[in-house]
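The values are calculated or read from the model by the stated rules, or taken from the named source; none is laboratory data. These numbers come from a predicted model, not from an experiment. Glycine gets a Cβ as well: all are built from the backbone with ideal geometry, and neighbour counts include every protein chain shown.
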Amino acid sequence: MRTQVAIVGAGPAGLLLSHLLGLEGIDSVLLERQTADYVQARIRAGMLEAGTVGLLREAGLGARLDVEGMEHRGIHLQWPGERHHLDFVDLVGRSVTIYGQTEITKDLMAAREKAGRPVYYSASDVTLHDVTGTPHVTFVDAEGQARRVDADVVVGCDGFHGPSRASIPDAEIWERAYPFAWLGVLADVAPSADELIYAWHPDGFAMHSMRSPRVSRFYLQVAPDEDIAEWSDDRIWDALAKRLGHPGWALETGPITEKSVLPMRSFVATPMRHGNLYLAGDAAHIVPPTGAKGLNLAVADVALLAKALTASLKDGKDELVDAYSDTALRRVWRCTHFSWWMTSMLHRHGDDFDAQLQLAQLRRTVTSAAAATELADNYSGLPL
Ligand code: FAD
Ligand code: DHB
């Protein structure tokens, strides 16, 4: 079959790209290794920057987001004995919104279905060919039939483990491993706080997030090789109550419905374009989750790439596609720095000297308008 844009990977980046291109009348085919149910159910990110929300609304994807999204003015930062609210609206005039990646994926899948354009789920052996010439992608569909898609361009939206990045020879890799991981927990209990709590604690970082008025999301700093079998529900609630504890505040508990250990790394692959192959989202870069940049960065890449491909494929104007990699990487490195900084400030690592430096940084962040504004500006999202 023939299309203008072959998109490998139907996570949020691939699905959103196909939608934005469709609005411009550009045809695309999506190839996804997993089933639709698997992609939709993956519990991952939850916090959307102001610009991400604006983009989804403008693209006609705001109907459920506007009803179910939970708008927050800021976050709480805490350490033993102290809890401080940073109000992003007062500081930089932007709010953030809690709306799960599962929900965005559901909205995007519905939009793709409405557009009547194909997504090949359960596609195996997806292989990219001739990406510097006339590209095509081969794969085996869910029925076991070998297929070929010819396209003007291929976009790799296939996440960290997908095949697209390997089609860029001599790609340069920038990487940082962290000596800890997150234990992520989803629970059927109303949130115990109005907005997110990021907590520094001698036992390790903890975070209180949420998904709805009835569902809470929590994270605990654990060892990178943590055995999840060691974490009974009681142990999880005890650790959360201790690390998130604050005088006069109580953590509500409830049935835990999901728990998993998430590895943490920073990773950037450059360039993000090779001939007629472009990379977007986790295929090109990974950030540690502290500060919630992963999904928002994938959306920013795709917003930029949709504009650039539209100019190139519709009007023959190549300035934006030629600038894509450099332009996208400026934001990628800004967010890589911010995520590294939030991660380094909030997780227990190093010795007691490091701990004192972290506490000094936290105190500075909540007492200096300049320091608070810097966090708020990055967290709520720089303009797209
Ligand atoms: P992905 O969502 O990874 O989508 C890539 C798609 O490509 C997948 O559907 C995959 O199945 C498909 N694919 C892979 N290989 C192939 C192949 N060979 N052929 C065809 N398709 C293929 N971010 C936050 O901001 N906050 C969080 O709390 C958070 N938690 C996370 C937890 C986990 C376990 C992970 C992995 C990520 C988390 N992230 C979080 C990051 C965020 O979810 C990602 O940044 C976001 O999903 C990126 O979207 P994407 O579409 O680029 O990649
Ligand atoms: C969530 C995850 C994050 O990493 C973060 O910084 C904020 C919220 C979440 O899953 O809700």
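How do the pairs read when you match residues in region 33-57 that are touching a residue at least 60 places away in the same chain (Cβ under 8 Å) and closer than 20 Å to GLY156 by Cα with residues anywhere that are away from ligand 2 (no atom under 16 Å from the Cβ) and part of a helix (DSSP H, G or I), using Cβ under 7 Å and keeping only pairs 6 or more apart or on different chains?
Matching pairs, first to second residue: ALA36/MET109; GLN40/LYS106; GLN40/MET109.
How many residues, within region 219-271, are aliphatic (A, V, I, L, M) and surrounded by 17 or more Cβ atoms within 10 Å (Cβ to Cβ)?
12
How about region 236-317: which strands (runs of 3 or more DSSP E) wholly inside it have at least 2 residues that are of a type outside the set (A, V, I, L, M, F, W, C) and at pLDDT 95 or above? Give the derivation first.
Details: elements: 256-262, 265-270, 277-279.
Hits in region 236-317: 256-262, 265-270.
Specify the residue that is nearest to ligand 1 (Cβ to nearest atom); the eligible residues are those in region 189-204 that are crowded, with 21+ Cβ neighbours inside 10 Å and more than 9 Å from HIS76 (Cα to Cα).
Per the criteria, the residue is PRO191.
Would you pick out the residues in region 358-384 that are surrounded by 13 or more Cβ atoms within 10 Å (Cβ to Cβ), assigned to a helix (DSSP H, G or I) and among the hydrophobic types (A, V, I, L, M, F, W, C)?
LEU359, LEU362, VAL366, ALA371, ALA372, LEU375, ALA376
Restricting the first residue to region 89-102 and requiring it to be of a type in the set (Asp, Glu), which pairs with a second residue that is within 11 Å of ligand 2 (Cβ to nearest atom) meet a Cβ separation below 7 Å and a spacing of at least six or different chains?
Close Cβ pairs satisfying both conditions: none exist.
Looking at region 150-223, what strands (runs of 3 or more DSSP E) fall wholly within it and have at least 1 residues that are within 12 Å of ligand 2 (Cβ to nearest atom)?
181-187, 197-199, 206-212, 215-222
Report every pair of residues separated by at least 6 positions or lying on different chains whose Cβ atoms are under 7 Å apart, first residue within region 302-324 and among the hydrophobic types (A, V, I, L, M, F, W, C), second modelled with pLDDT under 95.
Close Cβ pairs satisfying both conditions: ALA303/LEU384.
Anything in region 324-333 that is of a type outside the set (Lys, Arg) and more than 16 Å from ASN276 (Cβ to Cβ)? List them, or say none.
ASP326, THR327, ALA328, LEU329, VAL332, TRP333 - these are the residues of region 324-333 that are of a type outside the set (Lys, Arg) and more than 16 Å from ASN276 (Cβ to Cβ).
Is region 278-293 home to any residue that is within 15 Å of ligand 2 (Cβ to nearest atom) and among the small types (Gly, Ala, Ser)?
yes
Name the single residue that is farthest from ligand 1 (Cβ to nearest atom) among those in region 226-235 being part of a helix (DSSP H, G or I) and of a type outside the set (Asp, Glu).
Residue satisfying both the conditions and the ranking: ARG235.
Could you check region 86-98 and list, in sequence order, the residues that are buried (at least 17 other Cβ atoms within 10 Å of the Cβ) and assigned to a strand (DSSP E or B)?
Passing the criteria: LEU86, VAL96, THR97, ILE98.
Does SER266 fit the bill of being within 23 Å of THR343 (Cα to Cα), touching a Ser or Thr at 6+ places or on another chain (Cβ under 8 Å) and in contact (Cβ under 8 Å) with a residue 12 or more places away in the chain?
Spelling it out, SER266 is indeed within 23 Å of THR343 (Cα to Cα), touching a Ser or Thr at 6+ places or on another chain (Cβ under 8 Å) and in contact (Cβ under 8 Å) with a residue 12 or more places away in the chain.
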